[in-house]
Amino acid sequence: MEKAPKGIRLQIAILGRVNSGKSSFLNLVSGQDTSITSPIKGTTTDVVEKNQELQPIGPITWLDTAGFADDSDLGDKRLAKTLKVLDRADIAVLVLEGSKIGPVEEEIIKLADSKKIPLIKIFNKNDLYRVTENGIRVNSTDLSSRDELLSALKEEILKICPADFIKPAPLLGDLAPEGSTVVMIVPIDFEAPKGRLILPQVQAIRDCLDHDQTAIITKESGYPNVLKNLRNKPSLVVCDSQGVDFMVKNTPRDIACTTFSMLFARQKGDLGMFIKGAKAISTLKDGDKVLISECCTHHASDDDIGKVKIPNLLKKETGKKLDISFASGHVFPDNLSQYQLIIQCGGCMFGRKEILSRLAKADEAGVPITNYGVCISALKGVLDITVKPFKDTADVAKD
Ligand SMILES: Nc1nc2c(ncn2[C@@H]2O[C@H](COP(=O)(O)OP(=O)(O)OP(=O)(O)O)[C@@H](O)[C@H]2O)c(=O)[nH]1
Ligand code: SF4
Ligand SMILES: [Mg+2]
């Protein structure tokens with residue numbers, strides 16, 4: 001079965017004091033020995049991820065964490081990793097020893113509340129403690145209780161699940177009428193993976209089909225012919241950010257056009273904020289620090305967009321000597337105020353929550369943040385064109 005991409009999975013963090021039974025709970029819900037369990041406190045030291053299809057909710061990722069109140073030497077380091085999980089969790093599950101709510105549990109409830117993460121309490125070790133509270137009571141070592149637990153859990157998750165997970169915002173389906181044609185210009189160069197398209201392209205094609213539109217996929221070399229041969233004009237043209245100048249040059253101005261990255265900027269983040277952030281490019285000075293933040297941790301090619309192309313374009317177009325640094329994967333620096341600009345990748349592999357959390361951190365630190373696609377369009381002087389299809393946010397670009 002084809003795996004659901006990470007970015008569309010509901011992320012559920014399993015939190016609780018050390019030894020409360022978090023890993024046992026994960027093993028019970030997943031029906032597998034996913035996480036090591038033991039009576040020794042501090043058994044889970046790193047975040048353990050487990051994917052599961054939980055119908056009718058859909059694809060989810062469980063995030064088993066190191067427990068709170070770990071007084072071992074490494075306790076603080078483990079807790080720091082657990083706290084980072086809150087930046088990407090859509091929901092939290094608090095695993096309690098019986099119904100014990102002490103200072104540790106209060107701290108977790110407060111943390112989840114401050115990050116607006118809905119929380120489900122699990123009264124665990126129900127066989128050892130007499131729990132009288134209403135809610136999900138379970139003995140995580142009893143495999144026969146799995147079905148009952150799963151149905152109670154699904155009911156609770158559906159009640160508190162973020163609305164945009166049940167019905168995710170369209171990628172492009174709302175930008176073109178039903179029955180119309182969307183042309184996608186896809187580079188098939190040495191950077192393209194062998195025998196397949198990359199995730200943003202696949203998701204855009206699927207979104208077209210979900211919205212009863214026709215998708216035509218072409219390389220740059222075939223694009224002029226596609227336009228010539230179509231009896232009716234396409235409603236939208238989408239291209240890879242790197243080919244944005246080619247698309248703009250070869251597309252009549254009455255046909256809307258944008259980039260894959262801009263589509264993801266809107267769905268995963270906040271396009272308006274990224275557009276505002278791009279305005280900071282023109283204010284950069286010699287010595288300014290720019291952070292390039294990429295969700296994937298792939299090996300960079302000689303022509304990598306994040307590591308090579310954007311830095312070169314940025315230096316060339318601004319003419320400034322910039323101090324550019326990089327962060328990848330789930331790492332996002334804490335001390336953001338040292339940067340004058342952050343450039344975030346499209347984030348197609350990440351959930352919306354994690355990208356929004358980065359936007360919130362940048363906002364809090366007063367640092368402008370933009371994304372790859374918006375930045376490239378701005379640097380190539382075509383942002384006013386590629387932002388036009390997004391009527392609600394296009395005005396932000398004019399301010
Ligand atoms: N009797 C009983 N024992 C349980 C239950 N859940 C977990 N345990 C036991 O409690 C101990 C700790 O369980 P873990 O699942 O490792 O707990 P944890 O919260 O992941 O622990 P850390 O990773 O160290 O924070 C193990 O010996 C489990 O077998 C339960 O519902 N009933
Ligand atoms: S680097 Fe970012 S935009 Fe590119 S594939 Fe990975 S998550 Fe998607
Ligand atoms: Mg554990």
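Coordinate-derived values only; no laboratory data. As the structure is a computational prediction, the values presented were derived from the model and not from experiment. Here Cβ is always computed from backbone atoms with ideal geometry, including for glycine, and neighbour counts include all displayed protein chains.
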Determine Rg/Rh for segment 224-268; Rg is computed over alpha-carbon atoms and Rh is the Kirkwood hydrodynamic estimate from the same atoms.
1.00
How large are Rg and Dmax for segment 188-337 when calculated on the C-alpha trace, in angstrom?
17.6, 54
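With a cap of 14 neighbouring Cβ atoms within 10 Å, and only residues DSSP puts in a loop, list the trypsin sites (Lys or Arg not before Pro) found in segment 146-232.
Hits after loop and neighbour filter: K194, R196, K219, R231.
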Between 0 and 90 degrees, rounded to the nearest ten: what's the tilt of helix 75-85 against the longest Cα principal axis of the chain?
50
Out of I40, I376, I157, any idea which swings most in a Gaussian network model of the chain, alpha carbons joined below 10 Å?
I40
Hz values of 3J(HN,Hα) by residue in segment 111-116 - Karplus curve (6.51, -1.76, 1.60), Gly and Pro given as x
4, 4, 5, 5, 9, 6
Under 5 Å between amide H atoms, partner at least 5 residues away or on a different chain: which partners does C295 have, H built in plane at 1.01 Å?
G329, C345, G347
Going down the table (K279/K316; K77/K307; K194/K233; K276/K380), which pairs top 25 Å between alpha carbons?
K77/K307; K194/K233
Could you tell me, in Å, what Rg and Dmax come out for the Cα atoms of the chain?
23.5, 75
Convex hull around the C-alpha positions of segment 173-263: the volume in Å³ per residue is 96
Among I136, I205, I117, residue whose mean-square fluctuation peaks in a GNM of the chain (springs only between Cα atoms under 10 Å)
I136
³J(HN,Hα) computed for each position of segment 324-336 - Karplus, 6.51 cos²θ - 1.76 cosθ + 1.60, integer Hz, glycine/proline x
9, 10, 10, 9, 9, x, 7, 7, 9, x, 7, 8, 6
Pull up the DSSP beta bridges for the chain and report the antiparallel fraction as a percent, rounded to 5.
15
Past 22 Å, Cα to Cα, is the threshold; run K121/K268; K41/K353; K115/K353 against it and keep the listed order.
K121/K268; K41/K353
Mind listing the phi-derived Karplus ³J(HN,Hα) values for segment 243-255, rounded to whole Hz, using 6.51, -1.76 and 1.60 with θ = phi - 60°, and x for any glycine or proline?
x, 5, 5, 4, 4, 4, 5, 9, 10, x, 5, 8, 9
Checking the a/c ratio against 1.5 first, then a/b against b/c, what shape does the Cα gyration tensor give for segment 6-166?
rounded
Sorted largest first, extent of segment 271-387 alpha carbons per principal axis (Å)
33, 32, 31
